[in-house]
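Read through the structure below, which is laid out as structure tokens, and then see the notes.
Nothing in this text is a laboratory measurement; each read-out follows from the coordinates by a stated rule. Since this is a predicted model, take the numbers as computed values, not measurements. Neighbour counts are summed over all protein chains in view; Cβ atoms, including those assigned to glycine, are modelled from backbone coordinates with ideal geometry.
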Amino acid sequence: MGKVILHSAITVNAAYEAPTPEEWLELDGDSRDASLDQLTIADAMLLGRKTYEGLAAVWPALVNVPGMEAFAARINAMPKYVGSRTLSGPLEWNATLLDGDLTESVTKIKESSSTLWVSGCGEFAQALSERGLIDEYWFGLHPHLWPTGPRFFDGFGPLALELISATPYKSGVVTLRYRTRKS
């Protein structure tokens, strides 16, 4: 059985969405390379509707942007499974709509995959966590404080996590990897 890894860039105060598009978090060369390496271990992505629509509107256009080519090639080529209560019909961008019960759908995909990558940390990610479907949480912790914006898993918990690793980069970014602590 495969595992589900939730990956998110967050600020020190757990904001995951920039106040404005111009303020998005920047990676230095080392953390950028590490992020690409992390992305390449996944067989497919699990996305909520909002994240799917946001990423699908941006990543196909980044294939020729210097410094983004490798990310865009990987993300665009990956199969994507989308959880939504409002989307219907066939999806574009190499995506399939999850059908039926979320737990059953994701468990079935895990049976035929080694690693599924959850991008985004809104309602869909929280729903996966509530059902115990996320095996590891990987945070790219950025040395920023944002005054506004949604906070990671606000109102969710408790959930005890066990640190797997912490990798600091010269920019001040720290990649923190956790797994759910067994009681």
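Points to keep in mind about this one:
- By the beta-carbon count within 10 Å of each Cβ, the least crowded to most crowded order of MET68, MET1, MET45, fewest first, is MET1, MET68, MET45.
- Number of Lys-Lys pairs in segment 3-180 with C-alpha atoms under 26 Å apart and a separation of 8 or more places or on different chains: 9.
- Neighbour-count order for SER31, SER8, fewest beta carbons within 10 angstrom listed first: SER8, SER31
- A cut-off of 5 Å between modelled amide H atoms, ignoring neighbours fewer than 5 places along the same chain, links VAL4 with LEU116, ASP135, GLU136.
- Computing Rg and Dmax of the Cα atoms in Å for the structure here picks out one of [x] 15.9, 47; [y] 20.3, 71; [z] 23.7, 85, namely [x].
- Structure remark: mean-square fluctuation, Gaussian network model of the chain, C-alpha springs under 10 Å; the largest value among GLY149, GLY100, GLY140 belongs to GLY100.
- In plain terms, the chain from ALA73 to THR167 could stretch by 31.3 nm, reckoned as 0.36 nm per residue minus the Cα-Cα distance.
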